[in-house]
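Engineer: Submitted below is the structure of interest, expressed as C-alpha cells.
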Amino acid sequence: MIDQPASNPAHSGAQPIREIVIAGGGTAGWMAACYFAGRLARQGVGITVVESSAIGTVGVGEATVPGIRDYFRAIGVDDIDVLRATGGTVKLGIEFQDWAAPGQRFFHPFGLYGVPSRGVPFHQYWLKLRHAGEPTDLADYSLCTAMARRGAFMLPPEKPVNDLAVFDWAVHFDASHFAAMLRARALGQGVRHIDDVITNVALDGERGHIAHLVTKEHGQVAGDLFIDCTGFRSLLLGKALGVEWIDWTHLLPCDRAVAIPCAADATRDWPYTVSTAREAGWQWRIPLQHRVGNGYVYSSAMLSDDEATAKLLSRLEGEALAEPNLIRFGAGHRQRFWAGNCVAMGLAAGFLEPLESTSITLIQTAIERLADFFPDATFDPALADEFNRATSLEYARIRDFLILHYLGNRRVGEPFWDRLREAEVPEMLAHKLRLFRARGRLVRYEWESFLDPSWLSMYAGFDWLPDAHDPMADHFTDDEIRAALHRMRETVATAVADARPHRDFIAHITRGA
C-alpha cells in the first residue's frame with residue numbers, strides 16, 4: 001500500500017502528456033496503441049492512430065522470440081488466444097540448414113543445455129569430455145531441441161526440477177491477423193483511429209518539436225508525444241526531424257527480401273522456423289495453421305530480384321498463395337530513436353534482417369523502454385539520451401549476433417559466403433570470439449538480446465570450439481563427467497516422451513478444449 005498521498009501534478013510543476021499520436025498502424029503502431037491504452041488507462045491520456053488503409057505494410061514479421069509472450073501478458077491476452085486468432089503455431093527455436101556447410105544442420109533452441117556444477121557452466125564439462133576424445137552432440141542436452149526434433153511440444157513446467165527442464169517458446173503468427181487483433185483491442189479501449197494519408201508534419205517554431213500532423217481529409221492532428229511507426233519512410237523522425245541513418249550494409253550486406261506464402265506440406269508440421277543457406281543469402285520457412293510463410297533474403301549485388309523470385313518459387317513445398325512481395329531494405333538504424341517529442345519504433349527506427357526474428361522484439365523493447373522513461377510535456381533530454389543509448393546498444397548486440405552466423409560458414413568457393421567469412425568484425429564481437437576460443441568463456445554485455453545458450457548453440461553449430469576448457473572443470477574426473485552426462489541425456493530422452501505431437505497441440509487449442 002502507498003501510505004502517502006500522490007503529489008498533484010498541477011502543484012509540482014509537471015506538465016503531463018495528454019495526447020499521444022501514433023503515425024502509422026501495422027504491427028508497430030497497434031502494438032504501441034494497445035500497450036499504452038492499457039498502461040495509461042487511468043491517467044486521462046488520449047491516443048490516436050493515424051494510418052491509411054491505402055498504404056500497405058511490410059507484413060512479413062511472422063516469427064517471434066519468447067519475449068513476445070511477456071507483451072501478451074502486459075496487454076492482458078492469453079498465449080492460446082493469440083494462436084487461435086492469428087493462425088499461429090509454436091516456435092521452439094530455429095533450425096539452420098546448410099549454414100555451417102552444405103548438408104549440415106544445427107538448432108538454436110529457446111532453452112538451456114545441461115546442468116552446471118560448482119559454479120562451472122555445463123559446457124565446460126562437455127568440452128572437457130570432448131578433449132578427452134569422447135565428443136557428444138551438444139543438442140542431446142537440450143529438451144527444447146529434443147522436442148523440436150520430434151515435432152512435439154508441451155508447456156514448460158511451472159517449477160522445473162533442474163536446468164534440463166528449463167525451456168521457453170515463442171509463436172509463429174500471421175502478422176496481418178495479429179495487427180487486426182491488436183487494432184480491435186485498442187479500439188475497444190478507446191483509442192481513436194483516423195484512416196487518412198499524412199501529407200505533412202508541422203514543427204513548432206520554438207523548440208523544433210512536432211506540433212501536429214496534416215492529413216488529407218481530416219486536417220490537423222495535434223499531440224504532445226508522437227510515435228513514428230511509418231515504416232521505412234520514417235516520415236516523422238527521419239524526414240521531418242532530419243535524424244540521419246547509420247548504415248551497416250558493409251557488415252550485413254543482404255538488402256532485399258522476396259516473400260511468398262504457400263500451401264503447407266502436412267508431413268512437415270514442425271514447431272520451429274527453418275533458415276536455409278542459399279546462393280546469395282538465406283531462405284526462411286515459417287509454418288502457420290493455414291499456410292507456410294517463405295522468403296529469400298539476399299544481396300542485390302549477388303543476385304537480381306527476378307532470379308531471387310524464380311529461385312524461391314521453385315523451392316516452395318506447395319502452391320503459391322499470393323504474388324511475390326519484394327522488400328528493399330538496408331541494415332542499420334536512425335542516429336537517434338527519440339528526438340524532441342518524437343520516438344520511432346519498428347522500421348521507422350531501424351532494421352536488421354529477420355535471421356533471428358528480432359523485428360517484433362525491437363518494437364516490443366522500444367515500447368517497454370518508452371514506458372520506463374515516459375516523459376512529461378517538458379521532455380527532459382536526459383530521458384531521451386538514456387533511451388537512445390540503450391537502444392543503440394541493443395541494435396549493436398543483435399547486429400553482432402547476426403554477423404556471427406555468416407562469419408562461421410564453411411561454404412568455400414561461393415562468392416557471397418567467402419566474402420562474409422572474411423568480413424570486418426566489430427571489436428566487441430571480436431573480443432567475444434577471442435575469449436571463447438581461448439577457454440570457452442561466454443561474454444555477456446549490457447543490453448544483450450541473446451544470452452549464453454544462444455551464443456553456445458552458434459559456436460557449437462559452426463564447430464567453433466576451443467582447444468582448452470576451464471581448469472575448474474577438472475574438479476571431476478573424466479569418468480565422473482561421463483556418467484553425469486549420460487544421466488543428463490537419459491533425463492532429456494525421458495522428458496521428451498511426455499510431449500505430444502505439435503499438430504495434436506494445435507488441434508487441441510483450435511477446438512477450444
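The values are calculated or read from the model by the stated rules, or taken from the named source; none is laboratory data. Nothing here was measured: the structure is a model prediction, and the numbers come from that model. Don't worry about glycine lacking a Cβ; one is built from the backbone with ideal geometry, like all the others, and counts go over all protein chains shown.
Engineer: When the residues of the range 224-243 are narrowed to those that are part of a loop (DSSP other than H, G, I, E, B) and in contact with a Gly (Cβ under 8 Å, 6 or more places away or on another chain), which ends up nearest to Gly29 (Cα to Cα)?
Structural biologist: Result: Cys229.
Engineer: Moving to a separate point now. Kindly establish whether Ala507 is under 24 Å from Gly133 (Cα atoms) and part of a helix (DSSP H, G or I).
Structural biologist: Criteria not met by Ala507.
Engineer: Next up: Looking only at the range 263-294, which residues are outside any strand (DSSP E or B) and aliphatic (A, V, I, L, M)?
Structural biologist: Across the range 263-294, the qualifying residues are Ala263, Ala264, Ala266, Ala280, Leu288.
Engineer: Would you be able to say whether some residue in the range 333-341 is without any contact (Cβ under 8 Å) to a residue 40 or more places away in the chain, within 25 Å of the chain's Cα centre (by Cα) and either over 30 Å from Thr378 (Cβ atoms) or outside the structural domain of Trp284 (by TED's automatic domain parsing) (or both)?
Structural biologist: No: zero hits.
Engineer: Is there a residue being more than 23 Å from the chain's Cα centre (by Cα), among the basic types (Lys, Arg) and at pLDDT 95 or above anywhere in the range 426-436?
Structural biologist: Among the residues of the range 426-436, at least one is more than 23 Å from the chain's Cα centre (by Cα), among the basic types (Lys, Arg) and at pLDDT 95 or above, which makes the answer yes.
Engineer: Name the strands (runs of 3 or more DSSP E) wholly within the range 137-204 that hold at least 2 residues that are in the same structural domain as Gly29 (by TED's automatic domain parsing) and either free of Cβ contacts under 8 Å to residues at least 24 places away in the same chain or over 23 Å from the mean Cα position of the chain (by Cα) (or both)?
Structural biologist: It comes to 192-195, 198-203.
Engineer: For the condition surrounded by 15 or more Cβ atoms within 10 Å (Cβ to Cβ), touching a Cys at 6+ places or on another chain (Cβ under 7 Å) and either assigned to a strand (DSSP E or B) or among the acidic types (Asp, Glu) (or both), what is the one hit in Val343, Val297?
Structural biologist: Unique residue meeting the criteria: Val297.
Engineer: Another one. Would you check if there is a residue in the range 409-417 being outside the structural domain of Asp70 (by TED's automatic domain parsing) and closer than 16 Å to Trp455 by Cα?
Structural biologist: Within the range 409-417 (the criterion being outside the structural domain of Asp70 (by TED's automatic domain parsing) and closer than 16 Å to Trp455 by Cα), the answer is yes, since at least one residue qualifies.
Engineer: Among (1) on the phi < 0 side of the Ramachandran plot; (2) crowded, with 19+ Cβ neighbours inside 10 Å; (3) of a type outside the set (Ser, Thr, Tyr); (4) not in a helix (DSSP H, G or I), which single condition is Gly114 missing?
Structural biologist: Every listed condition holds for Gly114 apart from (1).
Engineer: Among the residues of the range 30-53, how many are farther than 12 Å from Phe226 by Cβ and either touching a residue at least 40 places away in the same chain (Cβ under 8 Å) or assigned to a helix (DSSP H, G or I) (or both)?
Structural biologist: Qualifying residue count, the range 30-53: 14.
Residue-by-condition table, conditions (1) of a type in the set (A, V, I, L, M, F, W, C); (2) surrounded by fewer than 16 Cβ atoms within 10 Å (Cβ to Cβ); (3) at pLDDT 95 or above:
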residue	(1), (2), (3)
Arg278	no, no, yes
Ser304	no, yes, yes
Ala310	yes, yes, yes
Arg315	no, yes, yes
Ala320	yes, yes, yes
Leu326	yes, yes, yes
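Engineer: From Leu451, Leu402, grab the single residue that is in contact with a Lys or Arg (Cβ under 7 Å, 6 or more places away or on another chain) and hydrophobic (A, V, I, L, M, F, W, C).
Structural biologist: Leu451
Engineer: For the range 434-454, how many residues meet the condition of being over 22 Å from Asn388 (Cα atoms) and of a type in the set (D, E, K, R)?
Structural biologist: Residues in the range 434-454 being over 22 Å from Asn388 (Cα atoms) and of a type in the set (D, E, K, R): 5 in total.
Engineer: Something else about it: Kindly provide the set of residues from the range 84-106 that are assigned to a helix (DSSP H, G or I) and crowded, with 21+ Cβ neighbours inside 10 Å, ordered by number.
Structural biologist: Within the range 84-106, just Thr86 meets the criteria.
Engineer: Search the range 103-117 for residues being closer than 15 Å to Leu485 by Cβ and not aliphatic (A, V, I, L, M), and hand back the single one that is farthest from the chain's Cα centre (by Cα).
Structural biologist: Ser117
Engineer: Oh, and also: Is there a residue being in contact with a Leu (Cβ under 7 Å, 6 or more places away or on another chain), assigned to a helix (DSSP H, G or I) and not assigned by TED's automatic domain parsing to the domain that holds Arg149 anywhere in the range 479-489?
Structural biologist: Looking through the range 479-489, none of the residues is in contact with a Leu (Cβ under 7 Å, 6 or more places away or on another chain), assigned to a helix (DSSP H, G or I) and not assigned by TED's automatic domain parsing to the domain that holds Arg149.
Engineer: Turning to a different aspect of this structure: Looking at (1) part of a loop (DSSP other than H, G, I, E, B); (2) over 17 Å from Phe153 (Cβ atoms), can you tell me which one Asp70 breaks?
Structural biologist: With (1) part of a loop (DSSP other than H, G, I, E, B); (2) over 17 Å from Phe153 (Cβ atoms) applied to Asp70, the lone miss is (1).
Engineer: Going by the structure shown, is Val65 surrounded by 20 or more Cβ atoms within 10 Å (Cβ to Cβ), over 18 Å from Ala148 (Cβ atoms), modelled with pLDDT of 95 or more and in the same structural domain as Arg183 (by TED's automatic domain parsing)?
Structural biologist: No, not satisfied.
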